[in-house]
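The values are calculated or read from the model by the stated rules, or taken from the named source; none is laboratory data. Every value quoted in this text rests on a predicted model; they were computed, and no experiment measured them. Cβ: placed from backbone, ideal geometry, glycine included. Neighbour counts: every protein chain shown.
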Amino acid sequence: MLPLLRSIIPLPAMLALCLAATALPAAAQDSVLATSPALACLTRLPGAAAALDYPPAALARKEGGVMRVALAFEGPDQPPRVTILSRPPLGNFDGAVQAHLAAFRVPCMRAGDGPVRLSQEYHFDPDQQYRVAASAPRDDADPERARQLACMAHRDGTARPDFPREARQREEQGTIIMRLRFTRPDAPPELEVVQSLPSHALRQAVQRHLAGYRVPCLGAQPLETIIAFKYLYDGGTRTLLRDSSLIEVLAAARDLQKPVQFDFKTMGCPFELRMQYRQPFAANRVDQLDTAMAERAPLVHWLEGLHLDMDQRASANIFNNKFVIAVPCGQLDL
């Protein structure tokens, strides 16, 4: 277990690594796609069961497999239209899945948004006794939003905001995270302060800079992105997340999505994943470091929602940190 050294923020010690920082005026992290608005507000009707019960007849016959579904929400108070993309060869799970999904709503939908389309998988394993593992839902519009985000640019090519003299004199440092919402290709973004510093001068400098961004390829739907700006000085510390095993990462996490079950033997174990940590501001990015395998997709999607046990200020200071997760052979059953 590594010590926190001179870090000024609490982090899970087993993942923390602190390095001396060089003098930087303001380092802007890469822009990342904000968490899908639909996924951020996806909810169940009051009293609806959080987990899906295993159909008793299928369980008795030891029938199982993976069911993939597509959901289309037409309005904030309407249940989804469910399309079954694939189903297990044995067992009838359609009714149980559709009844479970009927309680889902996307209350933040706005008039004129058009249908919200999500995808999800349900894993039925009869050896797990009544447990059905569901993948994290995915928004089908995210790839197109990512394409639009790639054309975001500053009107005058400025790469970073100013570092005001008064802030330098007071040696103010830390991280400011902003949410940008673009509604027209030729208009400045709507700005929301997600995580800030006490410094009024630094906040104003960041807001002036962000007002110059445009998304000329923007489509009909709004686009939201997250940008972090880190202000650092000589002699300070920069906190990073070190490469760790999956067991270490899970031990440092909180509010893990359950139930889940992963058999790493079917995923070509052992293997490594690279995570860019972005919670709670956006979904983590998780990439496979060797030959990509489709069998790892449920694990990758699950880790995109993993939230380390730290407060928001600490999360801001490691926003978009990259580190490698070593996945062993065996099974994970939560």
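What pairs come up if the first residue lies in segment 43-59 and is charged (D, E, K, R), the second is at pLDDT below 85, and their beta carbons are under 8 Å apart, counting only those six or more places apart or on different chains?
Close Cβ pairs (under 8 Å, with a partner that is at pLDDT below 85) amount to R44/A50; D53/Y130; D53/V132.
Within segment 298-316, restricting attention to residues that are within 14 Å of L246 (Cα to Cα) and of a type outside the set (F, W, Y), which residue is surrounded by the fewest Cβ atoms within 10 Å (Cβ to Cβ)?
H307
Output the number of the condition that V324 fails; it satisfies all remaining conditions of (1) of a type in the set (A, V, I, L, M, F, W, C); (2) surrounded by fewer than 19 Cβ atoms within 10 Å (Cβ to Cβ); (3) closer than 30 Å to D186 by Cβ.
(3)
Counting only residues that are in contact with a Gly (Cβ under 7 Å, 6 or more places away or on another chain) and surrounded by fewer than 17 Cβ atoms within 10 Å (Cβ to Cβ), give me the strands (runs of 3 or more DSSP E) lying completely in segment 244-297 with at least 2 of them.
none
Within segment 157-180, track down each residue that is out of contact with any Gly (no Cβ under 7 Å at 6 or more places or on another chain), surrounded by fewer than 15 Cβ atoms within 10 Å (Cβ to Cβ) and outside any helix (DSSP H, G or I).
Those that are out of contact with any Gly (no Cβ under 7 Å at 6 or more places or on another chain), surrounded by fewer than 15 Cβ atoms within 10 Å (Cβ to Cβ) and outside any helix (DSSP H, G or I): G157, A159, R170, E171.
Considering V82, V106, V69, V97, which residue is closer than 30 Å to R214 by Cβ, modelled with pLDDT of 90 or more, buried (at least 17 other Cβ atoms within 10 Å of the Cβ) and touching a Leu at 6+ places or on another chain (Cβ under 8 Å)?
Within the list V82, V106, V69, V97, the selection yields V106.
What are the pairs, 6+ residues apart or on separate chains, where a residue within segment 76-97 that is more than 18 Å from G65 (Cβ to Cβ) has its Cβ under 8 Å from a residue that is in a helix (DSSP H, G or I)?
Final answer for the pair search is P79/L101; P80/L101.
So, R6, is that one within 30 Å of T175 (Cα to Cα), surrounded by fewer than 16 Cβ atoms within 10 Å (Cβ to Cβ), at pLDDT below 90 and out of contact with any His (no Cβ under 7 Å at 6 or more places or on another chain) or not?
Taking the combined requirement at face value, the residue satisfies it.
What number of residues within segment 306-328 satisfy the criterion of being within 21 Å of L289 (Cα to Cα) and either in contact with a Pro (Cβ under 6 Å, 6 or more places away or on another chain) or in a strand (DSSP E or B) (or both)?
8
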